[in-house]
Amino acid sequence: VGFLSSWSYFVGKAVSVALLASAFVTPFYLNILPMHILPKLFWVYGLILMLALINIVGVSIGGKIQWLFTAIKFIPFSAVICSAFLKGHWLSESFVGGWLGRSNLFYTIPVALFALSGFEVIANIGHMIKDPEKNAMPVAIASSLIVAGIYSLFQLSAYILSGSELGIAAKPLEFLAGNLFYPFSNIGFMIDDFMLASMLSGAFSLLTNNAWNMFALAKNRAFVGSRFATKISFGGAPWVALLIEVFISCLVLGITVNQLALLNMSVFATALSYLITTIAALVAFYKVPRIPWIIPLVGVFSCSYVLMVCSEKIIASGVSMAFVFVFSLGLFSAALKRFI
C-alpha cells in the first residue's frame, strides 16, 4: 500500500511535468516557423531533458534559477491583483451572485487542490532542513497558506476584471491580458509571456521535487534495480531518479493521444496518494493517541470527494492507456522485487 501511494504520486507528478512542458512549447511551435523542421515532441523532450540536466549540475544552481522563476511569476500576479483593486466592485451583487452562487463551484475544488499541491514536498526534503523536527511543520503550513492566499486572490482578481467571459475564452491568459491593458495590447501580450514562464517554472520545480520521491522508493528497495536510482550527483541531486522521471514523462507524452484524459488521470493518481496517506495518518492515531485524529479524518473525506469528481471526469474524457501502461510497469516491477 505504501508503494502504491508513492508510485501514484510519482507518476502523477511526472505526467504533470510532461503536460506543463508541452503547454509551454506549443505557442512557440505555432508561431516560430523554423521550429517546424523538427516535430513538436522533439522540442518538448529537449526542454524536459534540459531542465533535468540543470538540476543534475547542482541543487544550489537549481535554487537560484527557481528564485528567478519566482520573480518572473510575481509580475503577472501583481499586475492582475493591482488592476482588480483599482477597478473595485469586490462586494457587488453581480460578483457575489455570479461567482459564489454558481452551482458548479464545488466541481472546481479538485483543480484548485491540484494547483496548490506541492506543499507536501517538504516531507521528501526534510533531511535538508536545519532542525527539521522543529522547523518542518511550521514551514510547510506557512508556505502552503501563503501560496493558497496568493492563488485565491489572483483568481478572484481575474474574475473581477473579466467576469464570466473569462470562463469561455479559448485562451484565457491572452484574453485576460488583452482586457487588462487595452488598448495597450502589446503590454498585455508581454504579461501573457510571463504567464508562459510560470508554466516553465512549474515544470522545473515539479521535476526537481518529484525526483526525491523516486529516490525514496529506491532507497527502500521497492522495485527491481532500485539500488541504481539512489545515486547522488556531485551537486547533491538524485541524478538517476531524475533521468527515470524524464523517461517516464517523455514516454507517456509520446504515446498519448488525449491529453485531457491524461490530465484527469494525473490528478486522480495524486489524489489517490493523498487518500492513502490520510488513511495511514488516521490509523496512526490509534497507535499514538497524541496525534490529532480530526485532521486526517477531514483529509479522508476531502480526498474521497476529490477522487469521486475525478472519476466523473475520467468517465467523461476517457481513460489514458499511456498512463495505465506506465503505472502498470511500476506495479509489475514492485511485484517482481517483492515476490520473486
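Nothing in this text is a laboratory measurement; each read-out follows from the coordinates by a stated rule. It should be emphasised that the depicted structure is a prediction, and the values quoted were computed from it without experimental measurement. Positions of Cβ are generated from backbone atoms using ideal geometry, with glycine treated the same way; all protein chains shown enter the neighbour counts.
With the highest mean first, a sort of the peptides 248-261, 130-143 on other beta-carbon atoms found within 10 angstrom per residue produces 248-261, 130-143.
Bridgeable lysines around residue 64 (alpha carbons under 17 Å apart, same-chain partners fewer than 8 residues away excluded): 73.
Straight Cα distances below 23 angstrom link residue 40 to the lysines 13, 171, with same-chain residues fewer than 8 positions distant left out. Placing R0 at 30 angstrom, the Cβ-Cβ distance between residue 301 and residue 78 gives a FRET efficiency of 0.25 after rounding to 0.05. Listed by chain and number, the lysines placed with their C-alpha closer than 22 angstrom to that of residue 337 are 219, 231; residues fewer than eight positions away on the same chain are left out. Label segment 208-304 by shape, choosing from rounded, prolate and oblate, from the square roots a ≥ b ≥ c of the eigenvalues of the Cα gyration tensor; if a/c is under 1.5 it is rounded, and otherwise prolate applies when a/b is larger than b/c, oblate when it is not. Taking the square roots of the gyration eigenvalues as a ≥ b ≥ c, segment 208-304 is oblate.
Modelled spin labels at residue 153 and residue 335, positioned 7 Å past Cα toward Cβ, are 5.0 nm from each other.
Sequentially through segment 72-82, phi angles give Karplus couplings (6.51, -1.76, 1.60; θ = phi - 60°) of 5, 4, 4, 5, x, 4, 5, 4, 5, 5, 5 Hz, Gly and Pro residues having no value and appearing as x.
Maximal additional length on extending the residue 293-residue 247 stretch stands at 12.6 nm, based on 0.36 nm per residue less the C-alpha distance. With the simple model of a label 7 Å out from the Cα in the direction of the Cβ, residue 233 to residue 219 spans 1.9 nm. For a paramagnetic label modelled at 7 Å from the Cα of residue 258 toward its Cβ, which residues of segment 293-316 fall within the zone defined by backbone nitrogen distances under 14 Å? Only 311-316 fall inside the zone, counting backbone N under 14 Å.
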